[in-house]
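Notes follow the structure.
The values are calculated or read from the model by the stated rules, or taken from the named source; none is laboratory data. Nothing here was measured: the structure is a model prediction, and the numbers come from that model. Here the Cβ positions follow ideal geometry from the backbone for every residue, glycine too, while neighbour counts run over all protein chains shown.
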Ligand SMILES: Cc1ncc(COP(=O)(O)O)c(C=O)c1O
């Protein structure tokens, strides 16, 4: 039971439940009948709920706020986008300008198309890959997340897996997804190039694409090694498989050129959303010209009524301008490093084994001595304790996801005034979590 007053949120929950399943618009926003909160406003790295509880936010809406909530520079650009008028079933000049910016930051993004969400961008990328390769099956990485389309709602069942009983089972993450779609998906563990090669050898001729987040942004930010990513690139070349790097979380966050810059490899196709417009709804499907030219009349169909809405594309233009020309990403990275150091000192002082995974701008905090190398290793983490700690942090006004698989997202605004209050809260929350209060 929360020590915060949640009176207004609780009251609103009862009302919302009458119209909205679970009282919310995403299953992940439901925290329980008495715990679900509703947001009144947000600014910088802080949120306020209906009861005026204040939170320093490390969920950041699962990543899109790279600068911070209500960033005046981006919001002003969005207002200018409003003056353009919306969507027209016709294109605007800004689409080209934003594409130029993306290409100059991400070399593999030779051509660009826009959608509204990460889900749509991944759907389009898979379609382009299939059309180009003329093969329907694809490989995904265990623990990867690529949105809510039927094609990608597949993962291994780690929760119910007994490591003594062989590899974990492939399951769909939702009811209502046809089993037949799952037949086209092969899941492989991250960082095991031999396993990947086995699959490619066996299924060569069927598999047209490999879809990967090199930093598993939905599985504790577990990271591929440089060596593995190089092997992935060369195996895809060897077996004529389209390499799709899903940068929906890492793009315009871990580096100006995203995870591809970090690893020094180029995708055939890549997808962006989230940080591209600091919270405005727009995504991009990008890639090598040869593949992207499959999008044409008589070829791959791509479109959508709301694609490149004048508000979102203006926000993207401004966000990318800021990310390209200022040291915002260095600020984000440095804050992430400082936060890791502060948290690590507190955990060490209290003899809590831990390590960090991923990039400082989206760290996974893993409560175990050694860093996981794939989603199966998640089993070895003390995640019930993490959940307890996250609940206690919330009471002290620090919001991180209860599920340790979600990283701690940093935005530029955190660097202004969030470190000390976060670490103070961490210290007292840890003390209570350890006592089991
Ligand atoms: C790597 C990745 N791909 C795709 C998606 C789906 O994006 P959206 O929620 O905008 O549909 C997400 C969402 O978290 C993601 O993390």
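Brief remarks on what is shown
- Test: residue in the stretch 83-92 that is at pLDDT 95 or above, within 16 Å of the ligand (Cβ to nearest atom) and in a loop (DSSP other than H, G, I, E, B): no
- Residue check for residue 276: within 16 Å of the ligand (Cβ to nearest atom), over 30 Å from residue 433 (Cβ atoms) and buried (at least 18 other Cβ atoms within 10 Å of the Cβ): yes
- Cβ-Cβ distances below 9 Å connect the following pairs, each with a first residue in the stretch 422-437 that is at positive phi, a second residue that is assigned to a helix (DSSP H, G or I), and a separation of six or more residues or different chains: 436/388.
- Meets criteria (touching a residue at least 12 places away in the same chain (Cβ under 8 Å) and under 23 Å from the mean Cα position of the chain (by Cα)) for residue 342: no
- When the stretch 37-80 is filtered for residues that are touching a helix residue (DSSP H, G or I) at 6+ places or on another chain (Cβ under 7 Å) and buried (at least 20 other Cβ atoms within 10 Å of the Cβ), the ones remaining, listed by number, are 37, 44, 45, 49, 56, 63, 64, 66, 67, 74, 77, 78.
- None of 319, 271, 250 is within 16 Å of the ligand (Cβ to nearest atom), part of a helix (DSSP H, G or I) and crowded, with 24+ Cβ neighbours inside 10 Å except 319.
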